[in-house]
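Visitor: Have a look at this one.
The values are calculated or read from the model by the stated rules, or taken from the named source; none is laboratory data. Bear in mind the structure is a predicted one, so any value in this text is a computation, not a measurement. Don't worry about glycine lacking a Cβ; one is built from the backbone with ideal geometry, like all the others, and counts go over all protein chains shown.
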């Protein structure tokens, strides 16, 4: 692993799992069991129970399976959690853009697709705990959908900045998850050498000296954090 692959944190995460269906809850439990730094503090089946348990057990992150009910109810749950300082991540199928936007406006901190691996979910938990917004790369391309939520201070490509390519944006999104080059290469179906090339280009364009600094810079520019 590269010395710059230092986007993890050495701590345990208290996670509350939420799934409306028994199968969804079982899947979340199984995934959590693969993450040595995750401590499950509870499992709930409804938005109402989630709020009650979250206030009582104070998890670091709520990890919810999609399909919890109407978008308004989910957004209300997310907003209530956010008001308590508890970030939420949803794991599920590609959402309707309007529903995703509503959840993000309510304070959702992450959305991963259902094919995300346990390692990717673990990396997302760490990233969200550091204050980053985590979106599956295919959702991260929906920046025009997210733009009305908050206009970034400035966008890459403005003024003297060089715009990132679509592939560089994909790599940047995966960097924000703390993924090493080898995992990024496997995820994108390219060689590790190609990933190293893209990472170097991202660092140059963002005037960053490390991967961590690149992610921080991108977050400040509105690419990763709303």
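Visitor: Can you name the number of the only condition in (1) more than 18 Å from the chain's Cα centre (by Cα); (2) under 20 Å from residue 94 (Cβ atoms); (3) at pLDDT 90 or above that residue 75 fails?
Guide: Looking at each condition in turn, residue 75 falls short on (1).
Visitor: Quick one: which residue in 65, 129, 124, 88 is touching a helix residue (DSSP H, G or I) at 6+ places or on another chain (Cβ under 9 Å) and either more than 24 Å from residue 218 (Cβ to Cβ) or at pLDDT below 90 (or both)? I'd like the intermediate steps shown before the answer.
Guide: Values: 129 fails: touching a helix residue (DSSP H, G or I) at 6+ places or on another chain (Cβ under 9 Å); 124 fails: touching a helix residue (DSSP H, G or I) at 6+ places or on another chain (Cβ under 9 Å); 88 fails: either more than 24 Å from residue 218 (Cβ to Cβ) or at pLDDT below 90 (or both).
Just a single option satisfies the conditions, and that option is 65.
Visitor: Can you pull out every residue in region 160-214 that is under 18 Å from the mean Cα position of the chain (by Cα) and in a loop (DSSP other than H, G, I, E, B)?
Guide: 176, 177, 178, 179, 180 - these are the residues of region 160-214 that are under 18 Å from the mean Cα position of the chain (by Cα) and in a loop (DSSP other than H, G, I, E, B).
Visitor: Name the pairs whose Cβ atoms lie under 9 Å apart, with the first residue in region 60-74 and without any contact (Cβ under 8 Å) to a residue 12 or more places away in the chain and on the phi < 0 side of the Ramachandran plot, the second buried (at least 21 other Cβ atoms within 10 Å of the Cβ) and assigned to a loop (DSSP other than H, G, I, E, B), and 6 or more positions between them or separate chains?
Guide: Close Cβ pairs (under 9 Å, with a partner that is buried (at least 21 other Cβ atoms within 10 Å of the Cβ) and assigned to a loop (DSSP other than H, G, I, E, B)) do not exist here.
Visitor: Looking at 203, 172 in this structure, which one is at pLDDT 85 or above and closer than 30 Å to residue 82 by Cβ? Full working, then the answer.
Guide: Numbers: 203 fails: closer than 30 Å to residue 82 by Cβ.
The conditions single out 172.
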